[in-house]
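*Asks:* Below is the structure I would like to discuss, written out as C-alpha cells.
The values are calculated or read from the model by the stated rules, or taken from the named source; none is laboratory data. These figures come from a predicted structure and were not determined experimentally. With ideal geometry, Cβ positions are generated from the backbone for all residues, glycine too; neighbour counts draw on all protein chains shown.
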C-alpha cells in the first residue's frame with residue numbers, strides 16, 4: 001500500500017521546490033498555449049463556418065474547398081498534424097544542404113520565436129489551430145443552422161445583403177447558442193496541448209516525464225494531472241450550468257422561433273467533455 | 001410616410017405592382033399556376049383563400065424570397081424577375097414585408113430592430129435612423145418600449161415593432177403575411193388598428209389574412225385564391241358580398257359559419 005501511495009503521491013517529489021517550479025512552469029506553458037490556440041481556433045473556425053455558408057452557384061467554388069478542408073483536418077489526428085507542421089516548416093526554411101540556397105519559407109516563419117516563446121510553442125499553436133479550427137467550424141455551423149430561417153428572411157426582406165445578414169443577424173445569434181459546445185471543445189483543446197510535448201516543448205507532460213526519468217516516481221506527472229483537473233472540472237461545470245440556463249430560456253420563450261434546425265446544445269448534452277480528437 | 005402622404009393623391013391610381021402569369025414550383029408541387037394581379041398606388045388588397053392555396057407563396061414571390069420560375073413581376077413598370085443580385089436587394093428595399101412569426105431580431109431591442117436595416121441597407125446615419133425609429137415606434141403606441149428586447153414584449157407589441165421596422169425603409173408597398181394569425185385574440189385589434197391607420201394614410205398594402213372584418217372594412221380589392229390561381233378578384237362588396245364563383249361561396253360559407 002505504501003509503495004502504491006508513494007508511486008503516485010510522493011510529497012517529497014511533488015513538492016520538491018525544484019520539481020514544483022518546473023511543473024508549474026510547464027503548466028504555465030500549457031495555459032498560454034491553450035489560450036492562444038483557443039483564440040486563434042475560435043477566429044479561424046468562425047471564418048471557415050462563414051465561408052461554408054457562401055450562397056449561390058458560384059459560392060460552391062468557396063464552399064467545396066472549405067468543406068474539404070474541414071473534413072481533412074477533422075480526420076487527421078492532432079498528433080500527426082503537430083508533427084507534420086513542426087518538421088515541415090523547419091525543413092522548408094532551412095538552407096539547401098547542397099547549394100546553400102535559402103529555403104522557400106522565410107526563417108521567421110519556419111522557425112518562429114515570436115514574443116520570446118520557443119518555436120515548438122508556435123508549431124503547437126499553428127497545428128492546434130488547423131485542427132480545432134475545423135472542429136469549431138462544425139460547431140458554429142450547427143449554431144448557424146439553428147438560427148430560424150425567418151431571421152435571415154426578415155433581414156433579407158429589409159434589403160440587407162447576405163454578408164450584412166450573416167454579420168449582424170445570424171452570426172451573433174449563432175454564437176450565443178453554441179457557447180457551451182465551444183467551451184467543451186476548449187477543454188478538449190487544452191488537454192490536446194499535451195501532445196506538443198512530442199516536439200520538445202517543456203510543457204507539463206514533458207516536465208513530468210523528465211522528473212519521472214530522474215526519480216523513477218510518477219508523482220510529478222500526477223501533479224500535472226491534478227493541475228489539469230483544477231482547471232477542467234470547473235470549466236465542465238460551467239458548461240453544464242450554461243446548458244441548463246439556455247434550456248430554461250428556450251422553454252420560457254416557448255421555443256417560438258426555435259422550431260427549425262437542430263439544437264446544438266441538445267446535441268452536445270450528454271457528451272461529457274472529453275478529448276474530441 | 002410623412003413625405004409620401006403629400007405626394008400620394010396625384011399618384012393614386014397608377015399601377016405600382018403588376019404580376020403577369022406568375023408560376024412557382026417546389027419540386028413537382030406547383031404552388032402558383034399563373035397569377036395575374038394589378039395593384040394600384042394607395043390600394044389595400046386583401047388576399048383570402050384556404051390554406052395551401054398559395055397566398056403566402058405569392059407574397060414571397062413578390063419580394064423574391066422565392067423567385068418565380070415563370071411570369072413577370074413589375075414594380076413601377078420595371079421588371080424585377082430574373083434580376084441579378086443587386087436587383088434583388090433593390091427590390092427588397094422598396095417592398096417591405098411583415099411576417100406571421102414577427103421575426104424580430106432577438107438580440108436587439110425595439111429601437112435597434114428598427115434601425116439596423118436603415119443603417120446597413122440604406123446607409124443612414126445612426127442618429128437619423130434612431131430618430132426615425134423612435135418616431136415610428138411612438139406612432140404605433142410603443143413610445144415606452146423603445147429599449148425593450150423582443151422577449152419582453154407581447155405578440156401584439158412585437159408585431160407593431162415589426163411593422164415599424166418595415167415602414168422605416170420607406171417602402172412603396174408593404175406585404176403582410178397573416179400577421180395576426182400567431183396572436184392571442186385580444187392582441188389582434190391593436191395590430192389591425194395600426195394597419196387600418198396605414199391604409200387610411202394611403203400606404204399600398206397587400207394583406208394575406210383570415211380577418212374577414214378587416215377585408216370587408218379596409219380593403220379596396222379582395223383576391224380570392226384557390227389551388228394556386230386567382231379565382232375571384234374585385235371590390236369586397238362583390239367578392240365577399242356577392243361572390244360569383246362556386247369555390248368562393250363555399251369558402252366564405254365555411255369561414256363565416258363561426
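*Asks:* Would a scan of segment B:121-142 turn up a residue that is within 19 Å of residue A:161 (Cβ to Cβ), facing chain A (nearest Cβ under 9 Å) and free of Cβ contacts under 8 Å to residues at least 12 places away in the same chain?
*Replies:* No, segment B:121-142 has no match at all.
*Asks:* Within segment B:171-185, take every residue that is within 11 Å of another protein chain (Cβ to nearest Cβ) and either farther than 12 Å from residue B:99 by Cβ or in a loop (DSSP other than H, G, I, E, B) (or both) and give me the one that is nearest to the chain's Cα centre (by Cα).
*Replies:* Restricting to residues being within 11 Å of another protein chain (Cβ to nearest Cβ) and either farther than 12 Å from residue B:99 by Cβ or in a loop (DSSP other than H, G, I, E, B) (or both), the top hit is B:171.
*Asks:* Does residue B:56 qualify as being more than 10 Å from chain A (Cβ to nearest Cβ), over 18 Å from residue A:164 (Cβ atoms) and free of Cβ contacts under 8 Å to residues at least 12 places away in the same chain?
*Replies:* No, not satisfied.
*Asks:* Quick check on my filter: what residues within segment B:17-30 are in contact with a strand residue (DSSP E or B) (Cβ under 8 Å, 6 or more places away or on another chain) and surrounded by fewer than 21 Cβ atoms within 10 Å (Cβ to Cβ)?
*Replies:* So in segment B:17-30, the residues in contact with a strand residue (DSSP E or B) (Cβ under 8 Å, 6 or more places away or on another chain) come out as B:17-25, B:30.
Hits for segment B:17-30 are B:18, B:20, B:21, B:23, B:25, B:30.
*Asks:* Sticking with this one: Pairs needed: first member in segment A:57-69, closer than 20 Å to residue A:133 by Cα; second member anywhere, not in a helix (DSSP H, G or I); C-beta distance under 7 Å; at least 6 residues apart or different chains.
*Replies:* As it stands, the answer is A:62/A:54; A:63/A:54, since those pairs meet every condition given.
*Asks:* Another question about this same structure. Which of (1) away from every other protein chain (no Cβ under 14 Å); (2) within 28 Å of residue A:174 (Cα to Cα) is the odd one out, the single condition residue B:163 does not satisfy?
*Replies:* Single failed check for residue B:163: (1).
*Asks:* To continue, here is another question. Working carefully through the options A:110, A:59, A:100, find the one that is surrounded by fewer than 16 Cβ atoms within 10 Å (Cβ to Cβ) and over 21 Å from residue A:143 (Cα atoms).
*Replies:* On inspection, the qualifying residue turns out to be A:100.
*Asks:* For segment A:100-217, list the helices (runs of 4 or more DSSP H) that sit wholly inside it and hold at least 3 residues that are at pLDDT 95 or above and more than 14 Å from chain B (Cβ to nearest Cβ); which are they?
*Replies:* A:119-146
*Asks:* Among the residues of segment A:1-24, how many are farther than 12 Å from residue A:224 by Cα, touching a residue at least 40 places away in the same chain (Cβ under 8 Å) and crowded, with 17+ Cβ neighbours inside 10 Å?
*Replies:* 2
Rundown of residues vs (1) within 14 Å of chain B (Cβ to nearest Cβ); (2) crowded, with 16+ Cβ neighbours inside 10 Å; (3) in a helix (DSSP H, G or I), yes/no style:
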site	(1), (2), (3)
A:26	no, yes, yes
A:32	no, yes, yes
A:48	no, yes, yes
A:55	yes, no, no
A:65	no, no, yes
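Listed here are the residues, each with its yes/no results for (1) part of a helix (DSSP H, G or I); (2) over 30 Å from residue B:184 (Cβ atoms); (3) away from chain A (no Cβ under 14 Å).
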{"position": "B:45", "(1), (2), (3)": "no, no, yes"}
{"position": "B:51", "(1), (2), (3)": "no, no, yes"}
{"position": "B:65", "(1), (2), (3)": "no, no, no"}
{"position": "B:82", "(1), (2), (3)": "no, yes, yes"}
{"position": "B:89", "(1), (2), (3)": "yes, yes, no"}
{"position": "B:103", "(1), (2), (3)": "no, no, no"}
{"position": "B:115", "(1), (2), (3)": "yes, no, no"}
{"position": "B:119", "(1), (2), (3)": "yes, yes, no"}
{"position": "B:147", "(1), (2), (3)": "no, no, yes"}
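*Asks:* Sort out which residues of segment B:216-240 are in a strand (DSSP E or B) and more than 17 Å from the chain's Cα centre (by Cα), and write them in order of number.
*Replies:* B:226, B:229, B:230, B:231, B:232, B:233, B:234, listed by residue number.
*Asks:* Sticking with this one: Given the conditions (1) at pLDDT below 95; (2) surrounded by fewer than 18 Cβ atoms within 10 Å (Cβ to Cβ), which single one is not true for residue B:135?
*Replies:* Only one criterion is unmet by residue B:135, namely (1).
*Asks:* Taking residue B:163, is it crowded, with 20+ Cβ neighbours inside 10 Å and free of Cβ contacts under 8 Å to residues at least 24 places away in the same chain?
*Replies:* no
*Asks:* To continue, here is another question. Restrict the check to segment B:93-101 and report whether at least one residue is over 22 Å from residue A:164 (Cα atoms), within 13 Å of chain A (Cβ to nearest Cβ) and in contact (Cβ under 8 Å) with a residue 12 or more places away in the chain.
*Replies:* Among the residues of segment B:93-101, at least one is over 22 Å from residue A:164 (Cα atoms), within 13 Å of chain A (Cβ to nearest Cβ) and in contact (Cβ under 8 Å) with a residue 12 or more places away in the chain, which makes the answer yes.
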